[in-house]
Amino acid sequence: MAGHAISVAQFHADIEAVADALPPGDAIVNLCAERYRFTVTFFAACLRGQCNLLPSQRTPAAIASARRHFEHVSVVSDENASETEHRIALNPGSNGERVTPELALDQVVAMAFTSGSTGEPQAHPKTWRMFSTWRHTHLAHFPGGHMTPRLLISTVPSWHMYGLEWALLAPTVAAFTIHCGPDFFPDDICSAVEAADTEAVLVSTPVHLRALLKSRRKPPTISVVMSATAPIEATLVAGIEETFNADLFEIYGCSEIGSIASRHPRHTDLWRFFPCFTLDQRGEETWISAQEMPEAVCLADRFEPQADHRHRLIGRSTELVKIAGKRESISHLNSVLLSLPGVEDGVFYDPTRLGFADTGRLGALVVAPGREPQDIRNALAAQIDNAFLPRPLRMVEALPRERTSKLTRTSLRRFLEAFND
Amino acid sequence: MAQTPEQARMAALIVEILNLEDVEPASIDPHAILFEDEGLALDSIDALEIAVAIAEEYNVHISAEDEQTKEIFATLANLTAHVAQETSA
């Protein structure tokens with residue numbers, strides 16, 4: 001393929017050169033757009049004992065907010081970078097070379113931020129111990145094993161926790177080569193896969209996968225496709241697996257922790273948590289802890305233990321709704337809605353939780369070109385209790401999802417306000 | 001500045017594919033910046049949607065390997081010119 005593989009020695013030399021050039025300080029905001037530069041800069045900051053700040057968005061406000069956690073913060077960017085393609089080909093098993101700099105396990109190497117429901121983003125420090133554990137516990141569960149040489153292509157930026165783990169950390173311990181060239185458009189992905197001299201792995205999200213499936217180009221084989229950040233609908237799983245002859249692997253995670261559980265949606269709706277985590281049910285909430293985590297974290301979703309160390313996702317803790325004395329989870333309703341023929345996207349919502357008047361019923365927005373609302377209502381009625389049938393059920397062109405596929409309460413509320421005007 | 005017929009067709013496609021219900025296609029200035037905080041303030045997912053729509057409508061495949069991807073997506077005029085160039089090639 002075009003471009004060239006980067007050796008471990010070159011990787012180290014690049015890290016050291018960038019580390020030498022970094023201004024003194026406590027932390028950096030790494031704005032490098034090119035994946036190899038981002039990776040080198042990330043480890044260069046680690047080497048200098050500086051924390052990598054990972055604001056959840058790249059807006060000036062989010063960057064400014066992240067910077068406030070440290071006194072001396074520099075911003076590193078590769079805006080004028082001209083070369084577009086590198087491959088980080090690091091295979092520690094093959095030559096015994098040390099891939100990443102030697103770091104103290106307690107060093108806080110990064111800080112992720114979550115957008116709190118109100119006000120300032122919350123900071124989540126990440127120690128090297130957390131990442132080191134991740135590298136050893138999570139990768140062992142990778143489909144087909146992590147020591148099979150593969151080209152890893154990611155449509156997810158490395159500054160997102162999901163991208164950081166799978167497209168930055170994974171290649172430092174697995175036999176994966178990370179593709180550092182263009183990886184955004186369906187055509188980029190297909191070109192990279194076609195040029196690969198090994199099997200390919202695609203790290204992606206439902207939004208990117210929907211676009212990929214619509215692409216008319218002759219589909220190459222992608223051995224493993226990973227999806228995270230939003231629930232993936234069964235029709236998309238089937239479409240991707242069939243079209244790309246792929247095995248789709250879904251990750252559950254959150255910015256506070258990173259990847260937590262995985263499943264093969266084709267085979268099961270049950271999640272298997274990575275072995276470093278312990279789950280604890282406290283009333284209606286599911287709490288998660290690990291030896292490496294300073295304290296337990298309450299998950300946004302509630303899980304129910306099943307046989308064989310597997311768990312069923314019952315729904316968001318905050319999304320359980322009670323209507324006519326019956327309890328249901330919005331997540332479950334959404335999964336039923338998304339499984340209906342012709343439904344491309346859709347969401348149930350509780351108007352009261354979005355600040356609207358209580359109608360005693362749920363509402364739903366549905367993207368189903370060519371389908372009538374009555375069809376959707378009839379199909380839903382066949383699967384769910386009538387108490388939860390949406391009123392109103394609005395057919396829309398698209399949901400106001402963010403670039404990571406997330407549908408926030410704020411954007412949903414704004415979207416619905418337009419109907420109420 | 002007035003749109004050419006090809007720019008008008010592209011503007012209609014963009015408005016349709018991105019569900020910009022409140023935007024009149026003819027009101028998009030061919031030379032105004034489409035992305036970031038200017039103009040229509042589109043983001044990268046919108047670029048993805050537009051690329052898929054252009055592939056379907058014109059059979060032109062845009063990739064980030066085209067060195068000037070940023071330039072291509074900068075304005076309605078650039079996007080239209082790129083598609084015209086690819087379809088005539």
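For the reader, a short list of remarks on this structure follows.
- When region A:347-388 is filtered for residues that are outside any helix (DSSP H, G or I), within 19 Å of A:L412 (Cα to Cα) and of a type in the set (A, V, I, L, M, F, W, C), the ones remaining, listed by number, are A:V347, A:F348, A:F356, A:A357, A:L362, A:A364, A:L365, A:V366, A:V367, A:A368.
- A:T268 vs. criteria β-branched (V, I, T), in the same structural domain as A:L54 (by TED's automatic domain parsing) and over 18 Å from the mean Cα position of the chain (by Cα): yes
- When region B:48-71 is limited to residues that are within 8 Å of chain A (Cβ to nearest Cβ) and within 17 Å of B:E16 (Cβ to Cβ), the one that is surrounded by the most Cβ atoms within 10 Å (Cβ to Cβ) turns out to be B:A51.
- Taken over region A:180-204, residues that are under 19 Å from the mean Cα position of the chain (by Cα), modelled with pLDDT of 90 or more and under 26 Å from A:S132 (Cα atoms) amount to 5.
- Which listed residue, of B:A32, B:A74, is closer than 23 Å to A:I189 by Cα, modelled with pLDDT under 90 and more than 14 Å from every other protein chain (Cβ to nearest Cβ): B:A74
- The listed residue being crowded, with 22+ Cβ neighbours inside 10 Å and outside any loop (DSSP other than H, G, I, E, B), out of A:I222, A:I232, A:I260, A:I251: A:I260
- Residue check for A:A238: aliphatic (A, V, I, L, M) and outside any loop (DSSP other than H, G, I, E, B): yes
- Residue check for A:F419: outside any loop (DSSP other than H, G, I, E, B) and within 14 Å of chain B (Cβ to nearest Cβ): yes
- B:M10, sole failed condition from (1) under 24 Å from A:P219 (Cβ atoms); (2) at pLDDT 90 or above: (1)
- Comparison of A:A324, A:A307 shows that the only residue that is at positive phi and at pLDDT below 90 is A:A324.
- Lone unmet requirement of (1) surrounded by 15 or more Cβ atoms within 10 Å (Cβ to Cβ); (2) in contact with a Leu (Cβ under 8 Å, 6 or more places away or on another chain) for A:E284: (1)
- A:A89 surrounded by 16 or more Cβ atoms within 10 Å (Cβ to Cβ), at pLDDT below 80, under 28 Å from A:V193 (Cβ atoms) and in contact with a helix residue (DSSP H, G or I) (Cβ under 9 Å, 6 or more places away or on another chain): yes
- Residues that are touching a residue at least 60 places away in the same chain (Cβ under 8 Å) and assigned to a helix (DSSP H, G or I) were ranked within region A:126-153; the one that is nearest to the chain's Cα centre (by Cα) is A:W134.
- Residue selected from region A:177-214 under the condition touching a Pro at 6+ places or on another chain (Cβ under 7 Å), within 11 Å of another protein chain (Cβ to nearest Cβ) and among the hydrophobic types (A, V, I, L, M, F, W, C), by the criterion nearest to B:A53 (Cα to Cα): A:A211
The values are calculated or read from the model by the stated rules, or taken from the named source; none is laboratory data. Since the model is a prediction, treat every value here as computed from it, not as a measurement. Don't worry about glycine lacking a Cβ; one is built from the backbone with ideal geometry, like all the others, and counts go over all protein chains shown.
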